[in-house]
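What follows is a set of notes on a single structure, which appears directly below.
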């Protein structure tokens, strides 16, 4: 096992971080290296980073071409039409250099059909092989169970987002645009056939793979590696505002798909006079959310703290009584439940996507149920979810068993 060579392929890798996926990629690479695995990472070039370096026992090759930022539509189109070609080209080169035993695609965007001597693994932490829009959010109302051309047209015409990027009417009613995103999806879907072993990060993702024809025996359910940073740092200005309060917190980008508006409306029905809603994050919906808070008459009880540095996240959890995860779209599995469990804080999450891995008492299905459970959770102390299933030692062991 110690001599095994593993090549991890990921579109972005720290210090380029756009979400939990990049953090999980680094933690997996670091922990495999600690176990004696010869770990290399093939990732994208960046203007401000060197093309090769070694860190924490990991050899990092920055050779792939992609968009600089996955949150803009322009960069997403660049990623759609150039990234997978770059992956195929660079894997052929690097395979001759390092002779990997295993090639592990760490995100769905990097999976590509390629002939190689190495065994191919794929962690499924996104929906690009299952959905042309990349978010599995049918008409932005429910989780999609499968796509075809006619269903897709009806969906895109009733959608405001492709992935996490907002689109205008000139794109969602544009047949040329439809073709531009549907055709690559078909190619991505076919590329699943070249993968020998799949790692699903939640039961929902596992079922999605099965729905798309992947044999159950090729799938292992393993949560992302969750090493939660902890410290005693404080944000004095926020701490003062929270003193003596019942603190309900949301931590997310302020996009429509994150559903923070639901949190505001449900919170407005809270009966506890000491309750405050702490909104951590920033994004295009912030101004609308601030207006909504005023309209609901809760402006003085909502703290829009903006985006904070990662090092202050422990402070937020330690000073919260309840965490809300109000995603409207079926996220594969967020890091928020793991972090909440680690800091022993109860959570209320929308009953969709990977959130369904949570016990029933931590789920809500509509605004009214969320309001009821908020009142219940802050009036009577609730036990948090047990962190044991997210324990990184357990999940690293599962990974090691899979790559034997």
Item to check | Residue among 181, 114 that is closer than 30 Å to residue 7 by Cα and in contact with a strand residue (DSSP E or B) (Cβ under 7 Å, 6 or more places away or on another chain) | outcome: 181
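Would you kindly identify the strands (runs of 3 or more DSSP E) lying entirely within region 151-251 that contain at least 3 residues that are surrounded by fewer than 20 Cβ atoms within 10 Å (Cβ to Cβ) and at pLDDT 95 or above? Before you say what the answer is, go through the steps one by one.
Numbers: elements: 197-200, 219-221, 246-251.
The qualifying strands (runs of 3 or more DSSP E) are 219-221.
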Item to check | Residues of region 364-374 classified as over 16 Å from residue 272 (Cα atoms) and buried (at least 20 other Cβ atoms within 10 Å of the Cβ), total | outcome: 1
Next on the checklist: Within region 377-400, does at least one residue satisfy the condition of being over 21 Å from residue 228 (Cα atoms), more than 20 Å from the chain's Cα centre (by Cα) and surrounded by 19 or more Cβ atoms within 10 Å (Cβ to Cβ)?
Outcome noted: yes
Checklist entry - For region 108-122, how many residues are under 17 Å from the mean Cα position of the chain (by Cα) and modelled with pLDDT of 95 or more? => result 1
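Scan 394, 374 and give me the residue that is part of a helix (DSSP H, G or I) and in contact with a strand residue (DSSP E or B) (Cβ under 8 Å, 6 or more places away or on another chain).
Working: 394 fails: in contact with a strand residue (DSSP E or B) (Cβ under 8 Å, 6 or more places away or on another chain).
Result of the check over 394, 374: 374.
For (1) in the same structural domain as residue 213 (by TED's automatic domain parsing); (2) touching a residue at least 24 places away in the same chain (Cβ under 8 Å); (3) closer than 17 Å to residue 209 by Cα; (4) touching a helix residue (DSSP H, G or I) at 6+ places or on another chain (Cβ under 6 Å), each residue gets a yes or a no:
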| site | (1), (2), (3), (4) |
| --- | --- |
| 135 | yes, yes, yes, no |
| 140 | yes, yes, no, no |
| 166 | yes, yes, no, no |
| 169 | yes, no, no, no |
| 190 | yes, yes, yes, no |
| 198 | yes, yes, yes, yes |
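Take residue 36 and tell me if it is at positive phi and touching a residue at least 24 places away in the same chain (Cβ under 8 Å). Break it down into steps so the answer makes sense when it comes.
Details: at positive phi: yes; touching a residue at least 24 places away in the same chain (Cβ under 8 Å): yes.
Yes: the conditions hold for residue 36.
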Checklist entry - Of all the strands (runs of 3 or more DSSP E) wholly in region 267-371, which have at least 1 residues that are in contact (Cβ under 8 Å) with a residue 24 or more places away in the chain and under 28 Å from residue 204 (Cβ atoms)? => result 275-280, 322-325, 347-350
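The values are calculated or read from the model by the stated rules, or taken from the named source; none is laboratory data. Source: prediction; values computed, not measured. No Cβ is skipped: glycine too gets one built from the backbone with ideal geometry, and neighbour counts run over all protein chains shown.
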